[in-house]
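The values are calculated or read from the model by the stated rules, or taken from the named source; none is laboratory data. Remember, it's a predicted structure, so these values are computed and weren't measured experimentally. When we count neighbours, we look across all protein chains shown, and the Cβ atoms used for this are built from the backbone with ideal geometry, even at glycine.
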Amino acid sequence: MINIPHLLLEIFNATVLIYFFLLNGVYLITGIFAYFALKHYSRNLKTVEIDQISHETEVPPITLIAPAYNESATVVDSVKSLLSLNYPEYDIMVVNDGSRDNTLEVMIKAFRMVPSPRTPTAFITSSPVREIYCSELYPNLWLIDKVNGGKADALNAGLNHCRTPLFCAMDSDSLLERDALSRVVYPFLEDKRTIAAGGIIRIVNGCEVKNGMVKDVRLPKNLLARFQVMEYLRAFLSGRMGWDAMGLTFIISGAFGIFKRSLVVEAGGYRTDTVGEDMELVVRLHKHCRRHKIPYRIKFIPDPVAWTECPESRTVLGRQRDRWQRGLMEVLTRHKDMLFNPRYGKIGMIIYPYFFILEMAGPFIELPGYITFIIAWLSGNFSLLYMSAFFAMAFVFGVALSVFSVALEELSFRRYARTRDLLELFWIAVIENFGYRQLTTWWRIKGAISFFRNVRTWGDMERKGFGKK
Amino acid sequence: MRRHIILLFCLQSLIVLGADPVEDSFSPEHPVLSIAAAVSDPAGRSSSASASDPSGMLSPDSLADSDSEKPGNIIDIRHLQVVDIGELKIIISLRSKFMSLTREDRIFLILLISILLLFFIVLLLVSAAFLLRLKNNRARRRFTRLEKEWEPRIFGILNQENSDPNELYRRIRSGDRIFFIRFIVRILRNLKGEERQMMRDLSQPFVDLLQSRLRSGKQSDQVQVLHLIQEVGIWGFELGVQKLLLHRNRSLGILAMRVICQPDNVLMYPFLISHLHRFRNWDNKLLSSILAEGGADVAPVFRSIIGDSNSDPWLFILSADTLRRLGDYASSSVLRERMSLLKNREQITAALRLMEKVGGPEEVPLLLPLLESGDPVIRSNVIRTVGAVAPDSFIDILMEALSDRSIWVSTAAAVALAKGGLSEALQVQIDTGHPRALLLQQVIAEYAS
């Protein structure tokens, strides 16, 4: 007679194993691609005269759209950093999305903003705009004060008032490096088909910040923030770089990405009914271009840096991860017609299935995996030694991937100049496997539950302000 | 030999891992555990026995201590072959042993080997990152030291306090020459006149090196050399630069193009233009800005392209944009003849933008039919051109364009009026409740002053 529970257990174990090998196989492949792409990029970088781009040649003007919601602690530093960018022609458009704190007052006072007329150039639906201000000190600095409607809504309001061919969507709590725009615009210069490009996001916690510029790069003191430094290195240098090398850029971070304005307007702007509006836009652009047979490319560039403040408390980090998972699920379920759809080429056949099967479903396999292993062991259905070997393998593989990302960082950009920081990164690569990874899995599960419960909120983020210990 | 050592290492590692006291998970017949139990004797007797026993068999005594409670775990040494490898003198053929394992045990063995392999990869990566860090730190320190050493001597030569460059050359080791070139380029960019010439002269002894690096150097070296040639002049290096223009790395090609596109290099433009299609995907504005670096002397080359009815539309656009940057007034008459024949939207736009810069009021009647175009990009460019060449004479057209269905055309008209000193006309429109009053206010605020 068939032992049903035993059979189910076997099936689940097999699923976990397949998931494990598939996921790590993909990580391995992207890592290998990332290595060659980074080498190629570093070599090419020497041929790019950033000074020439930012001063001598005619480059497309850009509007930086920075939605701000309760950002009074960081908004002035962020705007100062934006004002000192090394780029010939750009507008800064801070969109105060109905902040409940004094973001608006802080901006008006710090930059002497006065009401100024500005005609919309597009008419994407967004919450009503109360007033538009222009700075008396900096004619390229604008402030849109509008009724709260969420980040996507604020970006749409900014997009409606944008009149440059390119716009940069960013977070108002991010700091851009001086050359960031000159670097991120390069894909648009070297290939006319480029419709979007994103840069790398790094963690500013622990770094020394002066006048809105990162002066000294250091690892944060807070352990949670350190784990996130490692996560970001892995996600950007190894993950996105690898996917980009395969021509499969699927996400441009909402904290720093440049888009062709006309195409985004044509595609309908940002969707306001998702918390993953950055990813949703990129997926929709892929879809739009393929449907309308528009030749296009979307690029990830590893060295124009946007520095962002990461959460240092478990509650806030949990909220962020919950939102990320919800956003991912919202986007992937909305565009599920792309799954294994040859009409969308390798986007539909490779990257979408990867996100759908391995990333979205990840927590549903990982957490039950942990539990089932324990149940199986307790019920005598599984060998402790096998289990230990499996976990040891997962652990060593995880460490190898993280260490690989640190090595890629050392090979390319070497932002963490202290040897001690390098050592600590290696140590973080080891200890993040004990507790932190399981915690993120748990948060992702919670995010998935929130998705099924149709939760739509962003959740509050706490900001300490740049350079504050 | 290396493979054998790796196999041996794997086996030894398995022994260490397998020696974990979790026998319950294994059958008494578990071969891996058997090996582990047999060889992991703390005194190391079994290992030494296997190495020294000429018969290749372990004596039962040697195993008794290690696993006296499990007689079934005695290793069958016939599966092991003992072969000389240096001092270790052991090679173990695992194949037959592996095949005799159960499916589960094989998986387990593969898992263990994978863990070990990954562990080594981790160690390798950590070591590589550290070595890289050390190497980079050393290189940085060395370059700082060299710069400190060279700087006073170079400035001594520039100030004519010490006019013997040979002393400087003697201090430059062959491995540091490319770095020296980079150093010179950095200084050259900040110099003018006689000092610049002196620095150029200082780079003369490296001409041979530059030539050889241009031809067959590393890409990073070629970049440095191109930067220097950009500063010292292309003549003498033409062939090498031309070769790099055709390099499969287009970024390097663009750098070579920058080197070619310098004043006095007009003779190289025909070659450049014949290979310009390599950069067809690049941004036109970037390309034309580089092409215009050649100065007024290169204008006839592009004038002939826009005058040629058979020219490639893309090349026409690029040429028109280059001429616009050069402010080449002679091209307006050439363009006048071709204007009505242009059909391609990008070509018309490029021609209009050139006209905006170099045209006169006499060109306007030629442009007005284009206002009927359904394309707002063309209409707004016509309005811009009209506004730039004769705003006073065509106020009616500009005022009418304020109500165009496209916001971009209205903006172009409002800007043209404001720039032409006709803000009052805009103010009247605002006061009379023009539907685009907000836009007009914005334009007055931004341009009237």
Which listed residue is of a type outside the set (D, E, K, R), under 27 Å from A:ASN13 (Cα atoms), assigned to a helix (DSSP H, G or I) and modelled with pLDDT under 90, from A:PHE390, A:PHE395, A:PHE382: A:PHE390
Quick one: which residue in A:PHE397, A:PHE382, A:PHE404 is in contact (Cβ under 8 Å) with a residue 60 or more places away in the chain and in contact with a Ser or Thr (Cβ under 8 Å, 6 or more places away or on another chain)? A:PHE404
Helices (runs of 4 or more DSSP H) completely within segment B:252-323 that count 2 or more residues being without any contact (Cβ under 8 Å) to a residue 40 or more places away in the chain, over 29 Å from the mean Cα position of the chain (by Cα) and within 30 Å of B:SER340 (Cβ to Cβ): B:299-307
In this structure, does B:ASP431 turn out to be within 14 Å of chain A (Cβ to nearest Cβ) and among the acidic types (Asp, Glu)? no
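Residue-by-condition table, conditions (1) in contact with an Asp or Glu (Cβ under 6 Å, 6 or more places away or on another chain); (2) surrounded by fewer than 18 Cβ atoms within 10 Å (Cβ to Cβ); (3) more than 25 Å from B:THR322 (Cα to Cα):
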site: B:GLN347; (1), (2), (3): no, no, no
site: B:ASP392; (1), (2), (3): no, yes, yes
site: B:ALA414; (1), (2), (3): no, no, yes
site: B:GLN427; (1), (2), (3): no, yes, yes
Complete set of residues in segment A:407-426 that are assigned to a helix (DSSP H, G or I) and either at pLDDT below 90 or touching a Lys or Arg at 6+ places or on another chain (Cβ under 9 Å) (or both): A:GLU409, A:GLU410, A:LEU411, A:SER412, A:THR419, A:ASP421, A:LEU422, A:GLU424, A:LEU425
Of B:PHE130, B:PHE120, B:PHE108, which residue is assigned to a helix (DSSP H, G or I), touching a Phe, Trp or Tyr at 6+ places or on another chain (Cβ under 8 Å) and either surrounded by 12 or more Cβ atoms within 10 Å (Cβ to Cβ) or at pLDDT below 80 (or both)? B:PHE108
Give segment B:238-267 a look and list any residue that's hydrophobic (A, V, I, L, M, F, W, C), touching a Gly at 6+ places or on another chain (Cβ under 9 Å) and more than 14 Å from chain A (Cβ to nearest Cβ), or say none. B:LEU246, B:ILE260, B:VAL266
Among the residues that make up segment B:401-409, is at least one of them surrounded by fewer than 19 Cβ atoms within 10 Å (Cβ to Cβ), within 14 Å of chain A (Cβ to nearest Cβ), of a type in the set (Val, Ile, Thr) and within 45 Å of the chain's Cα centre (by Cα)? yes
Which numbered condition in (1) out of contact with any Ser or Thr (no Cβ under 9 Å at 6 or more places or on another chain); (2) more than 14 Å from chain A (Cβ to nearest Cβ); (3) touching a residue at least 12 places away in the same chain (Cβ under 8 Å) is the only one that B:GLY193 fails? (3)
In segment A:109-161, anything charged (D, E, K, R) and either within 14 Å of chain B (Cβ to nearest Cβ) or more than 29 Å from the chain's Cα centre (by Cα) (or both) is listed as A:LYS109, A:ARG112, A:ARG118, A:ARG130, A:GLU131, A:GLU136
Verdict on B:ILE110 being closer than 28 Å to A:VAL430 by Cα, more than 33 Å from the chain's Cα centre (by Cα) and not basic (Lys, Arg): yes
Single residue of A:LEU281, A:LEU233 found to be within 14 Å of another protein chain (Cβ to nearest Cβ), crowded, with 23+ Cβ neighbours inside 10 Å and out of contact with any Pro (no Cβ under 6 Å at 6 or more places or on another chain): A:LEU233
Among the acidic types (Asp, Glu) and away from chain B (no Cβ under 14 Å): does that describe A:GLU10? no
Please verify whether A:GLU330 is surrounded by fewer than 24 Cβ atoms within 10 Å (Cβ to Cβ), in contact with a Ser or Thr (Cβ under 7 Å, 6 or more places away or on another chain) and assigned to a helix (DSSP H, G or I), treating the condition exactly as stated. yes
If we only count helices (runs of 4 or more DSSP H) wholly inside segment A:148-202, which ones have 1 or more residues that are among the basic types (Lys, Arg) and within 21 Å of A:GLU89 (Cβ to Cβ)? A:180-184
Could you check, for segment A:334-344, whether at least one of its residues is on the phi < 0 side of the Ramachandran plot and either in contact with a Cys (Cβ under 9 Å, 6 or more places away or on another chain) or touching a residue at least 60 places away in the same chain (Cβ under 8 Å) (or both)? yes
With respect to B:PHE143, determine if the residue is modelled with pLDDT of 75 or more, more than 10 Å from every other protein chain (Cβ to nearest Cβ) and in a helix (DSSP H, G or I). yes
Determine whether segment A:86-95 contains at least one residue that is closer than 24 Å to A:GLU309 by Cβ, more than 14 Å from every other protein chain (Cβ to nearest Cβ), assigned to a loop (DSSP other than H, G, I, E, B) and under 20 Å from the mean Cα position of the chain (by Cα). no
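Results for (1) surrounded by 19 or more Cβ atoms within 10 Å (Cβ to Cβ); (2) touching a helix residue (DSSP H, G or I) at 6+ places or on another chain (Cβ under 9 Å); (3) at pLDDT 90 or above; (4) not basic (Lys, Arg), shown as yes or no for each residue.
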position: A:LEU82; (1), (2), (3), (4): yes, no, yes, yes
position: A:TYR90; (1), (2), (3), (4): yes, yes, yes, yes
position: A:LEU104; (1), (2), (3), (4): yes, no, yes, yes
position: A:PHE123; (1), (2), (3), (4): no, yes, yes, yes
position: A:SER126; (1), (2), (3), (4): yes, yes, yes, yes
position: A:VAL129; (1), (2), (3), (4): no, yes, yes, yes
position: A:GLU136; (1), (2), (3), (4): no, yes, yes, yes
Only one of these conditions is not met by A:ASP273: (1) at pLDDT 95 or above; (2) out of contact with any strand residue (DSSP E or B) (no Cβ under 8 Å at 6 or more places or on another chain). Which number is it? (1)
If I go through segment B:114-167 residue by residue, how many of them are closer than 15 Å to A:LEU422 by Cβ and of a type in the set (Val, Ile, Thr)? 2
Test A:ALA389 against the stated conditions and say whether it is within 14 Å of chain B (Cβ to nearest Cβ), over 30 Å from A:GLU330 (Cβ atoms), surrounded by 15 or more Cβ atoms within 10 Å (Cβ to Cβ) and of a type in the set (Gly, Ala, Ser). yes
